[in-house]
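**Student:** Below you'll find the structure I mean.
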Amino acid sequence: DTYEIYKVETAGDCYIAAGGLTLIDEDGFTCIDPTPDPQEAAQRVLSFAKALLYCAKKVVMPHNGEPTQIRVGIHTGPAVTGLIGTKLPKYSVFGDTMNTASRMESTCPHGCIQISEATRAMLPNHPFTPTGGVQVKGKGFMQTYLWSPELDNTGADLLERQLVPGTFVPEI
């Protein structure tokens, strides 16, 4: 709710979410956003991803006491939504954008956010480091960019950084 991100589904250990799909109408109901702003959606998804990285560090693995390690992949582009099934219909999101975001995650180092060039274009004022490109299954060589708390040269602690105007990363 804080980041206005739609949870698409969880698949195994993967949490799949999307920005720019839905909005809250004047009656308080969630509906499809007919005119999404891709730059605003990318900003919200990035803020959500930063919050995930922060929160994951606060969760320790029971078998070794180490902090949970996650990685995040973000891609910006078109998607198709629809209902799957007839007995218990499920709303889902499909398309190459979802596949590319998944590839950004699977080739990303732990503790980082990897974004595609399309997403980088939506986030020009954020500190990302070019990776030099990665080989992506089904896509070929793609230019990608990394964000990590260690590489962010703002010097601010993630907890203290205001990620979205008026909101902060929750303390756990």
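The values are calculated or read from the model by the stated rules, or taken from the named source; none is laboratory data. Here the structure is a predicted model, which means the values were calculated and not measured. In this analysis, Cβ positions are derived from the backbone assuming ideal geometry, glycine residues included, and neighbour counts consider all displayed protein chains. Each accessible area value is taken on the protein alone, full model and side chains, heavy atoms only, with ligands, DNA and RNA left out. Shrake-Rupley method; radii C 1.70, N 1.55, O 1.52, S 1.80 Å.
**Student:** Output the residue which, of all residues in the range 72-84 that are open to solvent by 50 Å² or more (accessible area, probe 1.4 Å) and farther than 19 Å from Arg44 by Cβ, is nearest to the chain's Cα centre (by Cα).
**Tutor:** Val80
**Student:** Output the residues belonging to the range 106-115 that are out of contact with any helix residue (DSSP H, G or I) (no Cβ under 6 Å at 6 or more places or on another chain) and assigned to a strand (DSSP E or B). It would help to see each step written out before you state the result.
**Tutor:** We begin by selecting, within the range 106-115, every residue out of contact with any helix residue (DSSP H, G or I) (no Cβ under 6 Å at 6 or more places or on another chain); these are 106-112, 115.
Result: Ile115, single match.
**Student:** Sticking with this structure for a sec: For Leu146, work out the one condition from (1) assigned to a strand (DSSP E or B); (2) at pLDDT below 90; (3) of a type in the set (A, V, I, L, M, F, W, C) it doesn't fulfil.
**Tutor:** Result: Leu146 passes all but (2).
**Student:** Further, regarding this structure: Might you let me know whether the range 117-126 holds any residue that is free of Cβ contacts under 8 Å to residues at least 24 places away in the same chain, among the β-branched types (Val, Ile, Thr), surrounded by 12 or more Cβ atoms within 10 Å (Cβ to Cβ) and not in a loop (DSSP other than H, G, I, E, B)?
**Tutor:** No, every residue in the range 117-126 fails to be free of Cβ contacts under 8 Å to residues at least 24 places away in the same chain, among the β-branched types (Val, Ile, Thr), surrounded by 12 or more Cβ atoms within 10 Å (Cβ to Cβ) and not in a loop (DSSP other than H, G, I, E, B).
**Student:** Now a separate question. Could you run through the range 1-19 and say how many residues are more than 13 Å from the chain's Cα centre (by Cα) and β-branched (Val, Ile, Thr)?
**Tutor:** Residues that pass the stated criteria total 2.
**Student:** Starting from the range 91-108, keep only residues that are crowded, with 18+ Cβ neighbours inside 10 Å, then list their pairs with residues that are among the basic types (Lys, Arg) whose Cβ atoms are within a distance under 7 Å, requiring at least 6 positions of separation or different chains.
**Tutor:** Short answer, once both residue conditions are applied: Thr100/Lys139; Arg103/Lys137; Arg103/Lys139; Glu105/Arg71; Cys108/Arg71.
**Student:** If you check Asp152 against the conditions, is it outside any helix (DSSP H, G or I), surrounded by 12 or more Cβ atoms within 10 Å (Cβ to Cβ), acidic (Asp, Glu) and modelled with pLDDT under 95? Steps first, please.
**Tutor:** Working: outside any helix (DSSP H, G or I): yes; surrounded by 12 or more Cβ atoms within 10 Å (Cβ to Cβ): yes; acidic (Asp, Glu): yes; modelled with pLDDT under 95: yes.
So Asp152 passes the test.
**Student:** Right, here's the next one. I need every pair where a residue in the range 47-62 that is within 13 Å of Gly111 (Cα to Cα) and open to solvent by 70 Å² or more (accessible area, probe 1.4 Å) has its Cβ under 7 Å from the Cβ of a residue that is at pLDDT below 90 and aliphatic (A, V, I, L, M), sequence separation at least 6 or different chains.
**Tutor:** Lys58/Ile172
**Student:** A further question on this structure: Looking at the range 9-27, I want the residues that are under 21 Å from Leu53 (Cβ atoms) and touching a residue at least 12 places away in the same chain (Cβ under 8 Å) and have a partner that is of a type outside the set (S, T, N, Q) and exposed (fewer than 12 other Cβ atoms within 10 Å of the Cβ) with Cβ atoms under 6 Å, at least 6 apart or on another chain. Which pairs are those?
**Tutor:** Ala17/Lys7
**Student:** Further question: Here is a list: Thr35, Thr22. Which entry is more than 11 Å from the chain's Cα centre (by Cα) and surrounded by 13 or more Cβ atoms within 10 Å (Cβ to Cβ)? Step through it out loud before you land on a result.
**Tutor:** On the way: Thr35 fails: surrounded by 13 or more Cβ atoms within 10 Å (Cβ to Cβ).
Testing whether each residue is more than 11 Å from the chain's Cα centre (by Cα) and surrounded by 13 or more Cβ atoms within 10 Å (Cβ to Cβ) leaves just Thr22.
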